[in-house]
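Shown next, in structure tokens, is the structure this report addresses.
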Amino acid sequence: MPKIAINGRQLHYHDAGSGPETIIFSHGYLMDHRMFAAQIAALSQSYRVIAYDHRGHGQSDPCLKPFGLYDLVGDAAELIDALCDGPVHFAGMSTGGYVGMRLLLKRPKLIKSLILIDTSAGAEDPISLKQYDRLLFFVRLFGIPPILGKVLPLMMGQTFRTDPDRREDFNSWKAYIGRLNKTSVRHFGRAIFDRDDVLDDLRAVGSPPPTLIVVGAEDIPTPPSDAKAMHAAIVGSRFVQVPDAGHTSPVEQPEAVTDALTEFLRGLG
């Protein structure tokens, strides 16, 4: 699998398909590019698709020192500059969405369209922030496996977690998350949980690119109310709520998410 040197570390990426336009997939916290497997398989028939692993995730280098969310924005911008000719369709889930929105604000010429999945434009809710602070504290002391019972119900909806036909998928992600580097997890979590609020900045964008907002109906960390706030702020955006899906809707309901993305992109002509 290819890697590229970005901001002093090696980032892994998956490059599939071909076409006149490129889609960039940017995953969420504790996941990796494989969460978009179904969407990559479908969309790479008509597009070049690049899905990369954030620092500290997947096959990318760990992040052993503190950093901020805008460092992740810089990672994405540098990757697009290096691998792509012209603007891209940027599809970001959770952290990937945080990155995509700020990339639009900082480097708008890189964005042809924006797909925001299970994410939020606001700062972290103070009550949730306290909960996440405690989880990061326990990660520092004991590692990741002891807190999986708290983390997985936040990440994945009850429908997915209790479906016997999806048990293998669920256990695979559980094992992957449990193996992540705990220092990387702490620094990455601190970067995204301390994020700024960009809702007003998005409202101020006079002519935003075509934007699709997708959210799982069972999403807890970034619930449908957050998605609707983004929908109201981004002029001309489209909104899709996915039934029976939590915070990782591309994994939990892959066909529904793929259909939403395909219809949106087809509508762009």
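In summary, I40 fulfils each of the numbered conditions (1) surrounded by 17 or more Cβ atoms within 10 Å (Cβ to Cβ); (2) in contact (Cβ under 8 Å) with a residue 60 or more places away in the chain with the single exception of condition (2).
Considered as a group, the residues in segment 72-118 that are assigned to a helix (DSSP H, G or I) and among the basic types (K, R) include one that is surrounded by the fewest Cβ atoms within 10 Å (Cβ to Cβ), and that residue is K109. Does K3 count as among the basic types (K, R) and out of contact with any strand residue (DSSP E or B) (no Cβ under 6 Å at 6 or more places or on another chain)? Taking the combined requirement at face value, the residue does not satisfy it. Candidates in segment 1-14 are the residues that are under 16 Å from the mean Cα position of the chain (by Cα) and buried (at least 21 other Cβ atoms within 10 Å of the Cβ); of these, the one that is farthest from G74 (Cα to Cα) is H14. The residues of segment 52-68 that are of a type in the set (A, V, I, L, M, F, W, C) and touching a Ser or Thr at 6+ places or on another chain (Cβ under 8 Å), listed by number, are C63, L64. Name the single residue that is farthest from P223 (Cα to Cα) among those in segment 137-163 being of a type in the set (A, V, I, L, M) and outside any loop (DSSP other than H, G, I, E, B). The selected residue is L141. Just checking, does segment 211-221 include any residue being part of a helix (DSSP H, G or I), surrounded by 17 or more Cβ atoms within 10 Å (Cβ to Cβ), of a type in the set (A, V, I, L, M, F, W, C) and in contact (Cβ under 8 Å) with a residue 60 or more places away in the chain? Scanning segment 211-221, I find no residue that is part of a helix (DSSP H, G or I), surrounded by 17 or more Cβ atoms within 10 Å (Cβ to Cβ), of a type in the set (A, V, I, L, M, F, W, C) and in contact (Cβ under 8 Å) with a residue 60 or more places away in the chain, so the answer is no. Which residues, counting only those in segment 213-267, are at positive phi and of a type in the set (D, E, K, R)? Across segment 213-267, the qualifying residue is only D244. From the list G206, G246, the lone residue that is modelled with pLDDT under 95 and either within 19 Å of the chain's Cα centre (by Cα) or surrounded by fewer than 19 Cβ atoms within 10 Å (Cβ to Cβ) (or both) is G206. Taking segment 222-249 as the search range and keeping residues that are of a type in the set (S, T, N, Q) and in contact (Cβ under 8 Å) with a residue 24 or more places away in the chain, which one is nearest to D133 (Cα to Cα)? Among those residues, the one meeting the criterion is T222.
If the condition is being surrounded by fewer than 17 Cβ atoms within 10 Å (Cβ to Cβ) and either within 25 Å of S60 (Cβ to Cβ) or touching a Gly at 6+ places or on another chain (Cβ under 9 Å) (or both), then segment 158-167 contributes only Q158.
Could you list, in sequence order, the residues of segment 227-250 that are in a helix (DSSP H, G or I) and farther than 19 Å from F264 by Cβ? Listed by number, the list holds a single entry, A229.
Within segment 174-203, the residues that satisfy the criterion of being in contact with a Leu (Cβ under 9 Å, 6 or more places away or on another chain) and small (G, A, S) are G178, S184, G189, A191. For segment 136-157, the set of residues classified as more than 20 Å from the chain's Cα centre (by Cα), surrounded by 17 or more Cβ atoms within 10 Å (Cβ to Cβ) and not β-branched (V, I, T) is empty. If you go through segment 171-208 and pick out every residue that is more than 27 Å from S60 (Cβ to Cβ) and in contact (Cβ under 8 Å) with a residue 60 or more places away in the chain, you end up with 6.
Of the residues making up segment 13-72, not one is of a type in the set (K, R) and touching a Phe, Trp or Tyr at 6+ places or on another chain (Cβ under 6 Å). Restricted to segment 15-34, and to residues there that are among the aliphatic types (A, V, I, L, M) and not in a strand (DSSP E or B), the residue that is surrounded by the most Cβ atoms within 10 Å (Cβ to Cβ) is M31.
The values are calculated or read from the model by the stated rules, or taken from the named source; none is laboratory data. Just so it is clear, the model here is predicted, and its values are computed rather than measured. Virtual Cβ from ideal backbone geometry, glycine too; neighbours counted across all protein chains shown.
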